[in-house]
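Read-outs: derived from the displayed coordinates by stated rules, not from any lab. Model, not experiment: these values are computed from the prediction. As a convention, Cβ positions derive from the backbone with ideal geometry for all residues, glycine included, and neighbour counts pool all protein chains shown.
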């Protein structure tokens with residue numbers, strides 16, 4: 001089964017969730033990846049006026065495929081760089097990449113180890129008509145103060161899993177291992193195994209990691225009927241998914 005939406009871009013669904021969630025979370029600020037291409041870029045909802053907002057948990061909205069026929073929505077965490085490399089990333093922009101104790105990345109690991117997040121995710125997954133997806137990608141990053149758009153970028157790794165709600169198994173659907181920095185994820189089989197791998201990532205002070213827990217929507221074809229598809233609006237997405245994950249925004 002697939003979930004469908006009548007929203008046609010990540011921007012549309014981001015602003016719709018902002019309207020639904022603003023009475024519960026204040027502030028909840030919509031931010032684009034590329035402000036000059038708002039209708040085609042990735043969007044975030046951030047629980048702060050701070051920008052950049054690396055340290056916060058965020059709601060994330062992006063295209064689910066290259067054809068732009070689906071939208072992936074998720075709770076999103078970022079692992080920044082360790083204090084030990086702050087002398088290298090010493091510019092004002094570079095220092096924003098350095099983690100402090102208040103980054104939600106640390107709470108992600110703590111609440112995964114104490115089972116708060118896995119219990120919540122398994123409960124949600126059993127109620128949803130589609131699987132919860134886990135995506136982790138990471139690699140090295142340039143100092144933004146010395147960024148050269150013409151220079152070749154660093155290679156990154158990416159792993160994408162689907163959760164089996166009944167067994168808590170994580171089934172690997174695809175991976176990209178260009179940097180060979182996240183290879184321990186190739187052995188990941190269950191939710192319970194994840195915290196030790198995340199702590200292993202912490203030992204690499206130079207490495208950035210993005211972490212997504214999400215679900216995927218197909219954009220409804222204009223010729224399909226409501227009887228043929230399961231369609232969620234913004235309230236459905238909030239009530240059935242995002243509100244349950246909102247404690248991990250901060």
In whole Å, what is the distance between the alpha-carbon centres of the range 189-219 and the range 72-90?
13
Between residue 165 and residue 204, Cβ-based FRET efficiency (R0 35 Å, step 0.05) works out to 0.65
Give the angle, between 0 and 90 degrees and rounded to the nearest 10, that separates the Cα long axis of helix 116-127 from the longest principal axis of the Cα atoms of the chain.
30
Order these peptides, 33-46, 236-249, 50-63, by their mean beta-carbon neighbour count within 10 angstrom, highest first.
50-63, 236-249, 33-46
Once you have the Cα-Cα distance between residue 40 and residue 184, take 0.36 nm times their residue separation minus that, and quote the gain in nm to one decimal.
48.5 nm
Just subtract the alpha-carbon distance of residue 22 and residue 140 from 0.36 nm times their residue separation and send over the number in nm, one decimal.
39.0 nm
Can you tell me the order of 201-212, 87-98 when each peptide is scored by its average per-residue count of other Cβ atoms within 10 angstrom, highest first?
201-212, 87-98
Efficiency of FRET from Cβ geometry, residue 221 and residue 110, R₀ 30 Å, rounded to 0.05:
0.10
Work out the FRET efficiency for residue 231 and residue 126 from their Cβ-Cβ distance, taking R0 = 25 Å, and round it to the nearest 0.05.
0.75
Want the number for residue 87 to residue 1: 0.36 nm per residue separation, take away the alpha-carbon distance, what's left?
25.9 nm
